[in-house]
Amino acid sequence: MTDRILVVEDDGLLVKFLRATLAASGYAVEVAADGVAAIEALSSQPTDLVLLDLGLPRIDGVDVLRQLRAWSDVPVLVLSARDQQQEKVQVLDLGADDYLTKPFGVPELLARVRAVLRRAAKTADGDGPRVMAGDLVIDLPARRVERAGAIVHLTPTEWRVLRELVLARPRTVQHRLLLERVWGPAYGDEVHYVRVVVRRLRQKLEPDPEAPRHVISEIGLGYRFEG
């Protein structure tokens, strides 16, 4: 099955480049030139990956991501000329799966696209136990999380981090190992990726995210799941 990619970008030259590059690699490509068109497209057709620019007309990319994450876990790869660490952390914290700074080359773009799609595909893996921890039920075979009887919606990246921690319990998973298993070998030094996703998991799973009971930090080492 051909993966469908929605390119959300208002730069016409970059759109042509992205469309040609992605199509030549076998992807089906759709384009939205502004934030409103992006939300409309995502709500009306199946999409496997979103390439999202931040500097968009009508609704900027940050707001598109914020709205999207209220109802969808479709993978999002942000493309932006903004290279500040704070900007990257913000969009990762809102639920983006990866961040690629402009300008970028074809090999790097395609590698990031493949990595995000591969993580999303592996999210569907149905192995592992059904774990109960307090008011949490984590059903790995069914890829389902409940908290106090309510479904918890996780992005593919959030799910894979949680899955790695649950499968390793009670052992601590080191930062680098977690990055390599979830994001890939090229991400071994991107510790802030893990920190942001763990913060999101705590917000969704913990009664008090500031005093977590389940997703525990081992300072300087990594994280472990307790429960």
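Quick look at the numbers
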quantity	calculated
Mean Kyte hydropathy of -0.5 or more with a Cα span along the axis of at least 15 Å, helices from DSSP in the chain	12-24, 106-122, 156-168, 191-205
Computed FRET value (nearest 0.05) for His153 with Ala41, which takes r as the C-beta separation and R₀ as 22 Å	0.60
Computed lengthening from Glu108 to Ala133, 0.36 nm per intervening residue step minus Cα-Cα distance	5.0 nm
Amide H contacts under 5 Å for Leu56, placed H, 5+ residues apart	Gly61
Likely footprinting exposure, Val215, Val36, Val74, Val50, fewest C-beta neighbours within 10 Å first	Val36, Val74, Val215, Val50
Binned Cα-Cα distances of segment 4-122, short to long, each 5 Å bin given as a whole percent	2, 12, 25, 28, 22, 10, 1
Along the chain, longest interval not containing exposed GluC sites (Glu not before Pro), exposed being DSSP loop plus at most 16 other Cβ atoms within 10 Å	1-209
Ellipsoid semi-axes in whole angstrom, largest first, where each is sqrt(5λ) of the Cα gyration tensor of the chain	31, 18, 17
Space enclosed by the convex hull of the alpha-carbon atoms of segment 130-225, per residue, Å³	90 Å³
Fully extended contour minus Cα-Cα distance, from Ala23 to Glu87, at 0.36 nm per residue	20.1 nm
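Values in this text are rule-based calculations from the coordinates and carry no lab data. Here the structure is a predicted model, which is why all the values come from computation and not from measurement. Quick reminder, even Gly has a Cβ in these numbers, built from the backbone with ideal geometry, and neighbours come from all protein chains shown.
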